[in-house]
Amino acid sequence: MLRHDGRLASDLRSIRLRRDFTPAAAASVLFEAGRTMVLCTASVENGVPPWRKPRAEGTPVTGWVTAEYSMLPGSTRPRKQRERSKTDGRTTEIQRLIGRSLRAVIDFEALGERTITIDCDVLQADGGTRTASITGGYIALEAAIRSLNSPTPILIDSVAAISVGIINGQPVLDLDYVEDSSAQVDMNVVMTGSGKFVEVQGTAEGEPFGESSLLSMLSLAKQGIQQLTAIQKGEDAGR
């Protein structure tokens, strides 16, 4: 089955990275998956939120990693309204997903009394913005942590995310907007580089799907995550 853009069912979109895209942040990367473009930056601050500090005396302070996500007004059509006073429900849900995904691979005691904030700003949206934010966000996180020169490893694994779905009855990998808007099933999968699941979000848009379809989609997602992990490590950059 050839898809509308010429890809096979198991093909990722073209992945491009531009590391150190902005000089002000501790680390940054412009992550592109097809026509989706997300700028991911990492900022490191000394200190942690008050609720993160231990109540018992002598207990070590452990660090924190959080994320923020935004779609810029010109990233999609029609123009998306700028979020000024509060974030909408979709944005809040995606921010929490990104944060959970990145925190899954952190040793917070090794991080120490620091807070790392990952900002993911969508410059252009063509499907898969949340999965691109997680995959690119990890690249920025890893670079920021490397700059700390910690004597103890802070990262315990890598993490990446990809979408899968069912289109015309067939499982496909890495959906763009055209595919996402017409898929019978839409699923986002977050996995570590070692092959463990962090989160699986799947929805049938119409008819429910069976276990065999679920396993096929998870198998495709695993293949995609393995490719993304290699790209994150610089083994297949510029794919």
The condition of being at pLDDT below 95, farther than 20 Å from Gly234 by Cβ and surrounded by 14 or more Cβ atoms within 10 Å (Cβ to Cβ) holds, among Leu2, Leu72, only for Leu72
- Query: Just wondering, is there one or more residues in the range 172-186 that are within 22 Å of Ala104 (Cβ to Cβ) and among the polar types (S, T, N, Q)?
  - Reply: no
Taking the range 199-221 and keeping residues closer than 16 Å to Ile162 by Cβ and of a type in the set (D, E, K, R) leaves Glu199
Pairs returned, first residue in the range 1-28 that is of a type in the set (Ser, Thr, Tyr), second residue that is in a loop (DSSP other than H, G, I, E, B), beta-carbon separation under 7 angstrom, 6 or more apart or interchain, are Ser14/Gly34; Ser14/Arg239; Ser28/Asp20; Ser28/Phe21; Ser28/Thr22
The range 1-108: strands (runs of 3 or more DSSP E) wholly inside it with 1 or more residues that are of a type in the set (Asp, Glu) are 27-33, 36-46, 64-71
Checked the range 225-236 for anything more than 17 Å from Gly137 (Cβ to Cβ) and either part of a helix (DSSP H, G or I) or in contact with a helix residue (DSSP H, G or I) (Cβ under 6 Å, 6 or more places away or on another chain) (or both); matches are Gln226, Gln227, Ala230, Asp236
Within the range 94-114, restricting to residues that are under 13 Å from the mean Cα position of the chain (by Cα) and without any contact (Cβ under 8 Å) to a residue 60 or more places away in the chain, the one that is farthest from Leu72 (Cα to Cα) is Arg103
Among strands (runs of 3 or more DSSP E) entirely within the range 115-222, at least 2 residues that are in contact (Cβ under 8 Å) with a residue 12 or more places away in the chain and surrounded by fewer than 16 Cβ atoms within 10 Å (Cβ to Cβ) occur in 197-204
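The values are calculated or read from the model by the stated rules, or taken from the named source; none is laboratory data. Predicted, not measured: the structure shown is a model, and the values here were computed from it. Quick reminder, even Gly has a Cβ in these numbers, built from the backbone with ideal geometry, and neighbours come from all protein chains shown.
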